[in-house]
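Here, each number is a calculation from the coordinates, and none is a lab measurement. The shown structure was predicted, so the numbers you read here are calculated from the model rather than taken from an experiment. Every residue, glycine among them, receives a Cβ derived from its backbone with ideal geometry; neighbour counts consider all protein chains shown.
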C-alpha cells in the first residue's frame, strides 16, 4: 500500500475566514463525561476525527447509546457513574493518548476487567506515568515490559483517594487521577510542578461535580454524580496554531479563525508569537461549555527571534512544531529550553523538526531539552513526518516560504486529528497537493 504524502510549494497570500475543527481534548472529555452523566447531553462541534470517534465507539461498546443526528453533533444518553458495562474484547483507542490515559483512570474503578490497545504509534508511548499513581490509589493495571500499551486493567478494586504531586506536569495524568477519584473513598488532591490544561476540571464542574481547582491544583471528593448538560466544543487552538503561524509568515496574508478556544493553559504559543512581533487580535469573546473562545485575526508581520520563556512551555507543548516554523522565518535566532517532553510525543518532535529544518537548509542546534533555530532562506527537500500529524502540518506551513518543492512523507495521521486540513489550507491559498 502506498503511504500518502503531500507536495507543498509557496502559494498565494493567505486570505479568508476559517472554521477550525473542534478541540480534540474537549471532544474526548465531552463524550466521556456525558456517558457518565445522569440524563441526555447534546454535544455540538464534536471533532469528527478518528481519535475522538474511537473514544465514542469505546463508550458505545460499554453500553452507552450515542446518536449522530448530523456531522459534529452527538446526543449521548448517559448511564450514570455506575452504569458502564464490560466490553467483549479489547477497547481500541486508535492514536489517542488522551483517550487511553483518561480511560485508564476511569476503567480502573469499574467492577469489570478491561484491555486498552492502540495503533502502532500509541503502542510505543509511555503509560507508567499514569499507571504508577493509579496503583497508589489501589488500581491494578498491567502494561508491556517497557511500560507501554496494551493496558490490562483489573476491575473490582476498591480505590482510595490520595494527595499526589505529579513529578512531570501532565493534564492527561491529572485527569486520569481525577476520574479515578470520582470513584475513590475520600478526597483526591493533585498538585503539579507547572499548571497544565484544566479542561477536565472545567468540564466536571459544568456537569455538576463539586471540584476545587486553581492553576497547579485540583481536589475533589469521591462518590459524586454527574448531571447531563449540553456542550459546545470550541475550535481547537492546536489546529488553529498552524494557520496563526502561516498567516504571520506569508506576506500579504490576513486570516480570521472563528471561535477558537482560548483556555489560558493552552495558549502559550499565542503569547510566544506576540513576543516575536506577531499581529494577532481577538474579537467576539464568548464562553462555550465553560471554555473561553474568541475569533483570532492574524495578519502578516515581521517576526524576530526570542528566547522562549520556560514558563510558557507547558502551555504550548503541542504547538512547538508550529513555533519552529515561525522561528525559521524570523529575524535572529530563537532558543527553546525546558521542552524535554517533546521527545516523547507521537514522535521525537525536537529531533524531527530539527532534522526537517536542516533538510530545508537551516542550522538547528539541538539540546536534551530544546533547540536553537537559526533562521534563513528555506529551500526544497523531502521531509519525514514520522507519522506525526503536527510535523506534517508544520512543514506544509514552512513550504509556503520555501523557494523549492517540499515533499512531506507519511501524512496519513493528519486526518484523524485535523480532518480536512489540506482542503482548508488549499482554500485559503496554500500551495499543497497530495
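Values as computed for the structure displayed
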item: Among (1) 71, 69, 41; (2) 72, 60, 41; (3) 60, 46, 43, the entry that matches Cα extents along the principal axes in Å as calculated here; result: (3)
item: Percentage relative contact order, the chain, counting C-alpha pairs under 8 Å, at least six apart; result: 19 percent
item: Extension reserve of the residue 88-residue 281 stretch, reckoned as 0.36 nm per residue once the Cα distance is removed; result: 64.5 nm
item: Gain on full stretching of the segment that runs from residue 65 to residue 227 - 0.36 nm per residue minus C-alpha separation; result: 56.7 nm
item: Burial ranking of peptide ranges 236-249, 85-98, 49-62, 213-226 (average Cβ count within 10 Å, highest at the top); result: 236-249, 49-62, 85-98, 213-226
item: Anisotropy class of the stretch 18-87 from Cα gyration tensor, a/c 1.5 cut; result: prolate
item: Folded to 0 to 90 degrees: helix 237-249 orientation relative to the chain principal axis, Cα; result: 10 degrees
item: Shape call, the stretch 268-425: gyration tensor on alpha carbons, a/c limit 1.5; result: rounded
item: In degrees, nearest ten, helix 97-107 long axis to first principal axis of the chain (Cα); result: 10 degrees
item: For the stretch 185-207 versus the stretch 297-342, the gap between their alpha-carbon centres in whole angstrom; result: 28 Å
item: Footprinting exposure proxy for 23, 315, 82 (fewest neighbouring C-beta atoms within 10 Å first); result: 82, 315, 23
item: Gap separating the Cα centres of the stretch 65-92 and the stretch 159-181, nearest whole Å; result: 24 Å
item: Helical mean residue ellipticity (222 nm; -39500 (n - 2.57) per DSSP H run of 4+; nearest 500) of the chain; result: -8500 deg cm²/dmol
item: Using alpha-carbon coordinates, inclination of helix 171-183 to the longest axis of the chain, degrees; result: 10 degrees
item: Separation in nanometres of the label points that stand 7 Å from Cα toward Cβ, at residue 152 and residue 304; result: 5.9 nm
item: Gyration tensor verdict on the stretch 24-232 (Cα atoms; rounded if a/c is under 1.5, prolate if a/b is larger than b/c, oblate otherwise); result: rounded
item: For 124, 24, order by how many other beta-carbon atoms lie within 10 Å, fewest first; result: 124, 24
